[in-house]
Structure formats: C-alpha cells, structure tokens
Amino acid sequence: MDENLAVLDAESVLTGHSGQPKSELRLWLRLLSTTNLISTAIRRNLRLSFNVTLPQFDLLAQLEREPNGLRLGELSQRMMVTNGNVTALVDKLVEQGFILREASPEDRRAIVVRMTRAVLPGMIERGFGRIINVASTAGLKGYPYVSAYVAAKHAVIGLTRALALETAKLGVTVNALCPGYTDTELVRSSVEKVRAKTGGSAEAVLAELTAANPQARLVAPREVAAAAVFLASREAGSVNGQAIAIDGGETVA
C-alpha cells in the first residue's frame with residue numbers, strides 16, 4: 001500500500017468508543033501525510049528537472065551556507081549519515097560539476113568540499129584561475145535510455161560555456177573534459193554485470209561498448225589526466241569555454 005494512503009487509512013479509524021475523533025492525533029497524522037506528499041513531489045521534481053536526488057540537494061544546501069567549504073567529516077555529521085554515504089554523494093556531484101574537492105590548506109591529509117562558484121572570488125582576486133569540469137561525450141551527443149544522464153551532462157557543458165564568458169577578462173578560464181568510455185573500475189564492473197546477465201563473453205560486451213569509438217578501444221585515464229594538466233597550465237590561457245572530447249573521434253565520426 002502507498003505510504004500516504006496508509007497514513008490516511010490509519011487516520012480514518014482513530015475514533016473513540018463514543019464516535020468522537022481523537023482530534024490531536026488526527027492532526028498529526030494529517031501533517032505526516034502532507035509531509036510525505038511534499039517530500040515525494042520534491043524528490044520527483046529534483047530528479048526530473050536537475051537529475052539530482054534529495055540527499056544530493058541536502059549536501060549542496062550545506063555547502064551553500066559555507067563559502068569556504070566543509071570537510072567530509074563535517075558534512076557527515078551535519079547530514080547524519082556515514083562517511084561512506086557522504087563520499088558517494090560527493091563523487092557524483094563532483095562528476096556533475098556542481099562541487100569541487102581539494103586538499104585542506106591547514107591539513108593536506110584532509111579533504112575539503114566546496115561549491116564550484118565558491119572558488120571564483122579567490123581566482124578573480126589573484127587574476128588567475130582554472131576551472132575544469134568533468135562532463136562526458138553524453139554532453140555532446142545523445143544516448144538512448146539514459147536521458148536524465150544526458151540532460152545532466154549537457155547542463156554541465158552549458159554551465160561551462162556561460163561561466164567562461166563571465167570570467168573571460170578576469171584571468172579565469174572554464175573548460176570541460178568530455179571523455180568517452182574510459183578504462184576505469186566502474187566500466188569494467190559494468191562489463192562484468194552485462195556479461196553475467198547476457199551469458200556472453202567480456203570481450204563481446206567490451207567490443208559493443210567501444211564500437212562507437214573509431215579507435216575501437218577504451219580511453220586511458222592518463223589521457224584524460226593529461227588534458228586536465230594542460231588546461232590547468234598558464235599555456236592554456238586562450239583555451240576557454242571549450243568542451244574537449246577525449247573519445248577517439250566518436251563525436252565527429
């Protein structure tokens with residue numbers, strides 16, 4: 001049974017032997033029902049409009065209040081979740097370009113998470129800065145059955161281009177990297193899951209994944225890292241507002 005309907009059903013039977021309703025308890029049940037309905041609507045709208053979950057939104061709200069960022073442990077305490085759950089949320093939001101993760105200036109062993117825009121004032125003050133968003137080839141083309149993911153990556157590209165124009169005369173460049181399927185543990189795990197479900201070989205699944213890449217291979221992580229290192233350099237000062245595809249030619253084939 002739907003949770004909200006269950007609450008309403010419980011409310012309907014809360015009457016005394018005299019037939020008089022227990023008004024105070026009924027009021028609390030109505031409030032609970034309303035809260036559940038609002039929460040469901042918020043979760044749905046966040047997912048459909050921004051490809052963001054409610055926990056991810058909660059994390060962003062925490063960082064919005066702290067321009068200097070928060071350590072992962074502080075985020076965990078504020079959100080009352082485990083460090084592992086916070087790390088997973090941070091990984092996804094970093095991937096989407098909403099936040100940045102960097103070493104704490106006070107303790108290089110600690111990680112500080114900031115909203116992307118929070119780093120801009122310092123960059124502008126210094127007259128130098130490099131913002132590198134990690135998007136995907138899904139930000140440059142469409143893929144079937146992953147419309148929300150494609151929409152999110154297109155949004156990262158749009159943010160990159162708009163912010164690049166805003167900071168163009170301030171010494172700050174903003175670019176996005178758009179790798180295709182990359183040789184990571186995540187992709188290898190996906191290959192194994194597909195192989196287990198289809199009964200085919202890992203080689204056949206991998207060939208299917210790389211079929212769109214004219215080089216017929218996965219992108220190497222070091223290739224993505226090398227592009228990021230260049231974009232972060234002073235020599236890349238004229239590279240601004242670009243969505244750089246690292247895909248073996250997939251998006252131009």
ask   = Can you tell me which residues in the range 220-253 are part of a helix (DSSP H, G or I), touching a Ser or Thr at 6+ places or on another chain (Cβ under 8 Å) and either open to solvent by less than 60 Å² (accessible area, probe 1.4 Å) or at pLDDT 95 or above (or both)?
value = V224, L231, A236, E250, T251
ask   = So which residues in the range 115-132 are open to solvent by less than 40 Å² (accessible area, probe 1.4 Å), out of contact with any Phe, Trp or Tyr (no Cβ under 7 Å at 6 or more places or on another chain), modelled with pLDDT under 90 and of a type outside the set (A, V, I, L, M, F, W, C)?
value = G122
task = Go through the range 133-151 and give me each residue that's β-branched (V, I, T) and either at pLDDT 90 or above or crowded, with 16+ Cβ neighbours inside 10 Å (or both).
result = V134, T137, V150
ask   = What strands (runs of 3 or more DSSP E) lie completely within the range 82-147 and have 1 or more residues being among the acidic types (D, E)?
value = 99-103
inquiry  = Checking the condition among the hydroxyl-bearing types (S, T, Y) and assigned to a helix (DSSP H, G or I), which residue from T173, T160 passes?
reply    = T160
inquiry  = Here is a check on your reading of the model: is R217 over 30 Å from P121 (Cα atoms) and modelled with pLDDT of 90 or more?
reply    = yes
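Within the range 48-62, can you find the residues that are closer than 12 Å to A148 by Cβ and surrounded by 14 or more Cβ atoms within 10 Å (Cβ to Cβ)?
Correct list: F50, N51, V52, T53.
Out of the residues in the range 188-212 that are in a helix (DSSP H, G or I), among the aliphatic types (A, V, I, L, M) and surrounded by fewer than 15 Cβ atoms within 10 Å (Cβ to Cβ), which is farthest from the chain's Cα centre (by Cα)?
So the first thing to find is which residues in the range 188-212 are in a helix (DSSP H, G or I), and the list is 188-198, 202-209.
From the residues that got through so far, the ones that are among the aliphatic types (A, V, I, L, M) too are 191, 194, 196, 202, 204-207, 209.
Among the residues that remain, those that are also surrounded by fewer than 15 Cβ atoms within 10 Å (Cβ to Cβ) are: 196, 202, 204, 207.
Working: A196: 28, A202: 28, A204: 30, A207: 28 Å.
Within the range 188-212, the match that is farthest from the chain's Cα centre (by Cα) is A204.
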inquiry  = Suppose we filter E74, E24 for residues that are within 21 Å of T116 (Cβ to Cβ) and open to solvent by 60 Å² or more (accessible area, probe 1.4 Å); which single one remains?
reply    = E74
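The values are calculated or read from the model by the stated rules, or taken from the named source; none is laboratory data. Source: prediction; values computed, not measured. Glycine also receives a Cβ, built like all others from the backbone with ideal geometry; neighbour counts cover every protein chain displayed. All accessible areas refer to the heavy atoms of the entire protein, side chains included, with ligands and DNA or RNA removed. Shrake-Rupley method; radii C 1.70, N 1.55, O 1.52, S 1.80 Å.
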